[in-house]
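Sharing a structure below in structure tokens format, with a few things to ask.
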Amino acid sequence: MSQKAISKSEEIIQSKTAAVNMGVGVALSLLDHEGYPTTSTLSISRADGIRQITFGGSLDSNKAKRAKENGRASVCIFDDDYESGKYYNITLVGDIEVVTDTALKKETWYQGLEEHFPEGVDDPNYCVLKFTTKRYNLWVDMDEEETTGSF
């Protein structure tokens, strides 16, 4: 395990949170009811390094329904702008759960969610998708090889 790659990945993920960089989407893949992967983009609400990432969501959305049906998920955070020197691919594989706990909803709320949830944190349709990493594949430095590992 390369601590340098993990630390760099954590910095990149933090830079993609809604609090820092509103509107930047990352890819979240979930399994549908037939077992096929589906991928969509959304903003990170909060991150705890590469271990845990939360997203704001709707209880009636396909993402929440899929997460409830099958908790296996993958998150991919990437950039391929060679000219600027930004090139990385952070792939995390783990479990996702739908959380409606008021305290967590308050912790992960960010400006911009009110467009989707007019009643704010107390909107009955607002939930948190909480992703916990089990294994990772990190390529965050073009001069180094990929780093893989698990928790």
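Using modelled amide H (1.01 Å from N, peptide plane; none on Pro or chain starts), what sits under 5 Å from the amide H of LYS134, excluding residues fewer than 5 places away?
Sorted by chain and number, the residues that satisfy this are VAL93, GLY94, ASP95.
A further question on this structure: Each residue of segment 52-66 in order: what ³J(HN,Hα) in whole Hz does its phi give by Karplus 6.51 cos²θ - 1.76 cosθ + 1.60, θ = phi - 60°, with x for Gly and Pro?
Once rounded to whole Hz, the list reads 8, 10, 10, 10, x, x, 9, 4, 8, 7, 4, 4, 5, 4, 5.
From the cross-link list LYS105/LYS130; LYS8/LYS63; LYS8/LYS130; LYS8/LYS134, which pairs have alpha carbons spaced over 20 Å apart?
LYS8/LYS63; LYS8/LYS130
Sticking with this structure for a sec: Mind ranking 106-113, 62-69 by how tightly packed they are, going by the mean number of other C-beta atoms within 10 angstrom, highest first?
62-69, 106-113
Please turn the phi angles of segment 25-38 into ³J(HN,Hα) values with the Karplus equation 6.51 cos²θ - 1.76 cosθ + 1.60 (θ = phi - 60°), one per residue in order, whole Hz, x for glycine and proline.
x, 10, 8, 10, 10, 10, 9, 7, 5, 9, x, 8, x, 10
Net charge near GLY57, counting Lys/Arg +1 and Asp/Glu -1 over other residues with Cβ under 12 Å of its Cβ?
That works out to +3.
Roughly how many percent of the accessible protein surface of segment 77-136 is carbon and sulfur, given a 1.4 Å probe and a whole-percent answer?
The nonpolar share, carbon plus sulfur, comes to 43 percent.
Over the chain, give the accessible area per residue in Å² for a 1.4 Å probe, as an integer.
Result: 56 Å² of accessible area for each residue.
Express in whole angstrom the spacing between the alpha-carbon centres of segment 89-148 and segment 39-57.
Spelled out, the Cα-based centre of one part sits 2 Å from the other.
Where does the charge balance sit around LEU42 when Lys and Arg score +1, Asp and Glu -1, over other residues with C-beta under 14 Å from its C-beta?
+4
Looking at PHE55, SER9, TYR87, which one has the Cα that reaches farthest to the positive end of the dipole of the chain (charges on Cβ: Lys, Arg +1; Asp, Glu -1)?
Highest projection toward the positive end goes to PHE55.
Once the piece of chain linking THR39 and ASN137 is laid out straight, how much longer is it, given 0.36 nm per residue of separation minus the C-alpha distance between them?
Gain on extension, THR39 to ASN137, equals 33.5 nm.
Magnitude of the Cβ-charge dipole of the chain, K/R +1 and D/E -1, about the Cα centre, nearest 20 debye?
The calculated dipole for the chain is roughly 440 debye.
Using only DSSP helix segments of four residues or longer, with each worth -39500 (n - 2.57), what per-residue ellipticity at 222 nm results for the chain after dividing by its residue count and rounding to 500?
-5500 deg cm²/dmol
Extent of the chain along each principal axis, from alpha carbon coordinates, in Å, largest to smallest?
Its Cα atoms span 48, 34, 25 Å along the three principal axes.
OK, next. Taking a quarter of the surface of the convex hull around the Cα atoms of segment 1-73, what do you get in nm²?
For segment 1-73, the mean projected area of the Cα convex hull comes to 5.4 nm².
The values are calculated or read from the model by the stated rules, or taken from the named source; none is laboratory data. Since the structure is predicted, the reported quantities are computational estimates derived from the model, not experimental observations. Counting neighbours? That spans all protein chains shown, and the Cβs are built from the backbone with ideal geometry, glycine included. With ligands, DNA and RNA removed, areas are computed over all heavy atoms of the protein, side chains included. Shrake-Rupley method; radii C 1.70, N 1.55, O 1.52, S 1.80 Å.
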